[in-house]
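Report on one structure; see the data block that follows.
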Amino acid sequence: MPSLPAVSGAVPGLVARLGDPKIGKHLLRDEGEVVVDEVTHHWFAYVRPALLSTLATVLLVASWFVSVQIAWFLIIVAVILLTRAGWVALGVLRDRFVITNMRVFRVHGVLSQSLATMPLSRILDISVKKPLHGRILGFGHFCFESAAQEQGLRDIRYVGRADERDLAIQRVVQRSGLRGPRVPN
């Protein structure tokens, strides 16, 4: 029989495999593209699935104290809420924003995967919005403006340390020589 640490150690490994969108397969390695920063969501993005899970737990506990007809209904609703919470949490876990030396891109999706890319030369402006609770908890939202009318990479929400990440993008753009004279590394 496996020991408890081996079983509990398997769960984080499974979560890591399910949550990995395999960023490396999208890199242009033969062109010299390297990852500057891979951004996962701030923990605050998991509040909604946590609330759904808490509500489901309350319904499951309540099902013990009501009649059988009502208990079945509560159990079914709880299972639906837990499924939804897991799906939302997995979606947040698989959503990655990547800054490279050539472009920024976002990979997201659970069953199907979407990739939105913007070369550094197309970035006209980056707005960082930090609501009050974001300022307190340390996250913000990016809004990219580009030369394209329609773009797949516009709003990136719940970015931890948003100011640092904005500066990282600005440094990469500056070092690439796209905005003024090239700055040495």
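Miscellaneous remarks
- Output for the range 42-62, where each listed residue is of a type in the set (A, V, I, L, M) and under 16 Å from L74 (Cα atoms): L52, L55, A56, V58, L59, L60, V61, A62
- Verdict on L18 being among the aliphatic types (A, V, I, L, M), in a helix (DSSP H, G or I), touching a Leu at 6+ places or on another chain (Cβ under 8 Å) and at pLDDT below 90: yes
- Some residue of the range 138-146 being modelled with pLDDT of 90 or more, surrounded by 12 or more Cβ atoms within 10 Å (Cβ to Cβ), acidic (D, E) and farther than 15 Å from A45 by Cα: no
- Enumeration of residues in the range 88-120 that are touching a strand residue (DSSP E or B) at 6+ places or on another chain (Cβ under 9 Å) and among the hydroxyl-bearing types (S, T, Y): T100, S114, T117
- G160 within 29 Å of F44 (Cα to Cα), in contact with a Ser or Thr (Cβ under 9 Å, 6 or more places away or on another chain) and modelled with pLDDT under 75: no
- Residue within the range 46-53 that is within 14 Å of the chain's Cα centre (by Cα), without any contact (Cβ under 8 Å) to a residue 12 or more places away in the chain and farther than 15 Å from L153 by Cβ present: yes
- Strands (runs of 3 or more DSSP E) wholly inside the range 66-119 that include at least 1 residues being exposed (fewer than 13 other Cβ atoms within 10 Å of the Cβ): 114-119
- Among the residues of the range 29-60, those that are part of a helix (DSSP H, G or I), of a type in the set (S, T, Y) and surrounded by 13 or more Cβ atoms within 10 Å (Cβ to Cβ) comprise Y46, S53, T57.
The values are calculated or read from the model by the stated rules, or taken from the named source; none is laboratory data. From a predicted model like this one, the values you see are computed outputs, not experimental measurements. Here Cβ is always computed from backbone atoms with ideal geometry, including for glycine, and neighbour counts include all displayed protein chains.
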